[in-house]
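Structure, as structure tokens:
All of the numbers you see were taken from the coordinates with simple rules; none came from a lab. From a predicted model like this one, the values you see are computed outputs, not experimental measurements. Every residue, glycine as well, gets a Cβ built from its backbone with ideal geometry; the counts of neighbours run over all protein chains shown.
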Amino acid sequence: MLRTVNAQPTLWEALLPEMCLGLPVELEAVDRLLDDEVFFAPYRRHFHPIFGRPSVPIETYLRLMFLKFRYKLGFEPLCREVADSISWQRFCRIPLGVAVPHPTTLMKITTRCGTQAIEELNDALLAKALEARVLKTNKVRADSTVIEANVAYPTDSGLLAKGVAKMAKTTKKLQAMGFARRTKMADRTRSVLSRARSINANLHRRSDDRLVEVHRINSELVTIARRVAREADAVVRNARRKLRRSTSGRARFLVEELAKTAALTGKIATQTAERMAGGLPAGSSRIVSLHDSDARPIKKGRLGKPVEFGYKAQLVDNEDGVILDHNLEVGNPADASMLEPAVRRIKARTGQVPRALTADRGYGEAGLERSLRDLGVRYVVLPTKGKPNAARRAVEKRRSFQAMVRWRTGCEGRISCAKRDFGLARTRLDGIEGARTWCGHGVFAHNLIKIAKLMQT
């Protein structure tokens, strides 16, 4: 059952001194902006209006999520800090003496409502800013970055060992519940983990045959992983026969998890064999994590991190620093292919096409410039890839062109601020949908502060 607002303040608040009733300036501005029922609409479709357990009040949930991303807190530290702070409890509309929502409740709402709710929430915020006439769209800039997935640095041997260990663990749980008990599956966890550890020791040897030894160990890991994956497929087939007569949700989840792990381990074994044969697995399909199968290796040319593992993102902001559009994609698509859809989304949200648009040289394609002009963008400032001809050099040396190029560099600062202050450096939710949900909440918190300040002034 959906609850939008919390209960009335308790008698305890009437006993508080006046100095305890105020809020910090930033929280007071954000609280005033969030005090609108338009932000409840994205969550109505996810809850029944009458039946079911009462949900956390949406006004409380939105304020808790703002504090989480504004101060980069985990769910459990967030609830502890709110319980210890009178001002944060008043900001979250939690009456004194009423318990703070449990961290798992906030997690479930975040994953249940998902990407659709946070996209509608960001659209509602921009619509409110547009209604207040504080949202500028005459000049925008775009840049791309990488949102890191919540994965460790992947190695073929480590992924194979983790896959074998996970399949053995899941099979034991299934067989303990009475599924596929007669299907044989050897537990090779100790074997693969010892081989994975020995690779690091062999790489530190000074002899010339160390690479040959590493190649041999990897070959053994590929053989073991493929054999265990075939045995896991047999367990899945036999367990699914019994699932037809069972209503156990836990068993159904474990069967699907085992099937997914076996398929991913088989793909990792294939890409490992391809690498040992002298090839290079395609980055668009390479698996770098078992729990986040959508993450991909992405090269952006950074000196400190030549290869990052996660998702490619694009942010488009205006001259006031408000992020007008953001999107995440799997893999490493070309920058130019992401800009035109972003302009179309901005037009749909605001009813206006940006008058001027600029981006870095990675977007510099003649076809993209023509497409943007056809959409209605009057001034497109995109430095050309490669060596420009004489006519193009004359255009790029104009004072107005140079000024827009200099202004574009501020988008890199906007991305750095979003990563550093609002949690966009690394997503803590798995999968592309989880990453979009996580980044959507970070952008919402960022825009809340920007738009609240603009509406004050």
Original post:
Going through segment 102-178, which trypsin sites (Lys or Arg not before Pro) have at most 11 other Cβ atoms within 10 Å and a DSSP loop state?
Top reply: Arg133
**OP:** Using only the alpha-carbon atoms of segment 11-118, report the extent along each of the three principal axes, biggest first, to the nearest angstrom.
**Re:** 41, 30, 26
**OP:** Give the long-range amide H neighbours of Lys139: residues separated by 5 or more places, or on another chain, with amide H under 5 Å away, using H modelled in the peptide plane at 1.01 Å from N.
**Re:** Glu319, Arg355, Ala356
**OP:** Tell me what the chain gives for mean residue ellipticity at 222 nm when only DSSP H runs of n ≥ 4 count, each as -39,500 (n - 2.57), the sum divided by the residue total, rounded to 500 deg cm²/dmol.
**Re:** -18500 deg cm²/dmol
**OP:** Can you tell me how much longer the chain between Ala403 and Arg241 gets when fully stretched, taken as 0.36 nm per residue apart minus their C-alpha distance, in nm with one decimal?
**Re:** 51.6 nm
**OP:** State, as an integer percentage, the relative contact order of the chain based on alpha-carbon contacts under 8 Å between residues 6 or more apart.
**Re:** 21
Original post:
Within straight cross-link reach of Lys305, meaning Cα distance under 17 Å, which aspartates and glutamates are found once same-chain residues fewer than 8 apart are removed?
Top reply: Glu148, Glu412
Subject >> Taking only Cα atoms of the chain, radius of gyration then Dmax in Å >> reply: 26.4, 79
Subject >> Difference of contour (0.36 nm per residue) and Cα-Cα distance, Asp233 to Ala277 >> reply: 13.2 nm
**OP:** For each of Phe179, Phe75, count neighbouring Cβ atoms within 10 Å of the residue's Cβ, then give the residues from fewest to most.
**Re:** Phe75, Phe179
Original post:
What's the exposure ranking of Leu67, Leu203, going from fewest to most Cβ atoms within 10 Å?
Top reply: Leu203, Leu67
Original post:
Which order results if Thr60, Thr270, Thr137, Thr457 are arranged by neighbouring Cβ count within 10 Å, fewest first?
Top reply: Thr457, Thr270, Thr137, Thr60
**OP:** Only Lys, Arg, Asp and Glu count, each charged at its Cβ (+1, +1, -1, -1), so figure out the dipole size of segment 307-457 about its Cα centre, rounded to 20 debye.
**Re:** 620
Original post:
Looking at this model, which pairs from Lys72/Lys108; Lys136/Lys312; Lys68/Lys419; Lys139/Lys450 are more than 21 angstrom apart at the alpha-carbon?
Top reply: Lys136/Lys312
Subject >> Selected from Leu33, Ser87, Phe66, residue furthest toward positive end of dipole (segment 11-118; charges at beta carbon) >> reply: Phe66
Original post:
Quick one: if you stick a label point 7 Å off each Cα along the C-beta vector at Thr223 and Gln352, how many nm between them?
Top reply: 6.8
**OP:** Work out the length of the dipole vector of the chain about its Cα centre, built from +1 on the beta-carbon of each Lys and Arg and -1 on the beta-carbon of each Asp and Glu, and round it to the nearest 20 debye.
**Re:** 1920
**OP:** Could you tell me what % of all Cα pairs in segment 227-315 have separations over 24 Å?
**Re:** 40
**OP:** Work out the length of the dipole vector of segment 11-118 about its Cα centre, built from +1 on the beta-carbon of each Lys and Arg and -1 on the beta-carbon of each Asp and Glu, and round it to the nearest 20 debye.
**Re:** 600
